[in-house]
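Q: Please see the structure below; I have some questions.
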Amino acid sequence: MITIRPIHIEEIPRVKHIISTVAYGIFGFDGDLEDSIRYYSSRGIYSDLDDLEAHYFNNTGMFLVALDDGQVIGSGAVRRMDADTAELKRMWLLETYQGQGVGYRLIGELFAFARSRGYRRVRLQTSPEQVRALAFYRKVGFYEIPCYNEDVTEISMEMSL
């Protein structure tokens, strides 16, 4: 049975592994999966996960995990950008669970949380290579907007809550 709840600190390594596994399948890497995990960890790619309190919980945000029979299979988070805007982060789901409605449940709970905190819109950025994610985001109501930060190689999207 799939459950969704706030992350526990001891689940952070599993979330990092899921992100790396899914990203490895999308982007590839010159080496094996473990090499890619070490590489991206050494470059601070997971710095927000190393301090969940500062990046999410103390920033009017939430970090959720999806579990299948107690095992983490996916994640998603929102955090404050400004008084009206939350940013969607770390939406990752193991490929074997994609297309089963888990992502919709996860993002639905994140949207409910964002609404309860008074946010009026949600923004995100993702890479153009993440074709399935882009289709999913469009299906739930996101549309493309001009880049909202310095990473112009990413696609910026927004939706009203």
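Q: What nm value, rounded to one decimal, do you get for the distance between Thr96 and Ser160 when each label is placed 7 Å out toward the C-beta?
A: Here the answer is 4.2 nm between the modelled labels.
Q: Right, something else. Taking the chain as the region of interest, what is the percent of Cα-Cα pairs per 5 angstrom bin, listed from the shortest bin to the one with the maximum distance?
A: Each 5 Å bin holds this share of Cα pairs: 2, 9, 18, 22, 23, 18, 7, 2, 0.
Q: Oh, and also: Per DSSP H run of at least 4 residues, take -39500 (n - 2.57); add these up for the chain, divide by its residues and hand me the 222 nm value, nearest 500 deg cm²/dmol. Spell out each step's value before the answer.
A: Values: 6 runs with 59 residues, N = 161.
When only DSSP H runs of four or more count, the value is -10500 deg cm²/dmol.
Q: For every other residue with a beta carbon closer than 12 angstrom to the beta carbon of Ala23, add +1 if it is Lys or Arg and -1 if Asp or Glu, then tell me the sum.
A: On the way: positive: Lys16, Arg90; negative: Glu95, Glu129.
So the environment of Ala23 carries a net charge of 0.
Q: Put a dot 7 Å past each Cα toward the Cβ at Asp68 and Glu144; how far apart are the dots in nm?
A: Going by the 7 Å Cα→Cβ label model, 3.3 nm.
Q: Which shape class applies to the stretch 102-161: rounded if a/c is under 1.5, otherwise prolate when a/b exceeds b/c and oblate if not, where a ≥ b ≥ c are the square roots of the Cα gyration tensor eigenvalues? Don't skip to the end; give the middle numbers.
A: Working: a/c = 2.34, a/b = 1.35, b/c = 1.73.
Oblate is the answer for the stretch 102-161, as a/c is 1.5 or above yet b/c matches or exceeds a/b.
Q: Now a separate question. Given DSSP loops and a limit of at most 15 other Cβ atoms within 10 Å, what is the longest stretch of the chain that contains no such trypsin sites (Lys or Arg not before Pro)?
A: Values: sites that count: Arg43, Arg117, Arg120.
By the stated rule (loop sites, at most 15 other Cβ atoms within 10 Å), 44-116.
Q: Right, something else. Within the chain, what is the longest stretch that has no GluC sites (Glu not before Pro) placed in a DSSP loop and near at most 16 other beta-carbon atoms within 10 Å?
A: Numbers: sites that count: Glu129, Glu150, Glu154.
The segment 1-128 is the longest one with no such site.
Q: Related question: For a quick check: sort Ile18, Ile73 by the number of other beta carbons within 10 angstrom, fewest at the front. Before the final figure, lay out the partial values.
A: Numbers: Ile18 21, Ile73 18.
Listed from fewest to most nearby Cβ atoms, that is Ile73, Ile18.
The numbers here are math on the coordinates, done by the rules we state, and not lab data. Bear in mind the structure is a predicted one, so any value in this text is a computation, not a measurement. Heads up, the Cβs are rebuilt from the backbone with ideal geometry, glycines too, and the neighbour counts pull from every protein chain shown.
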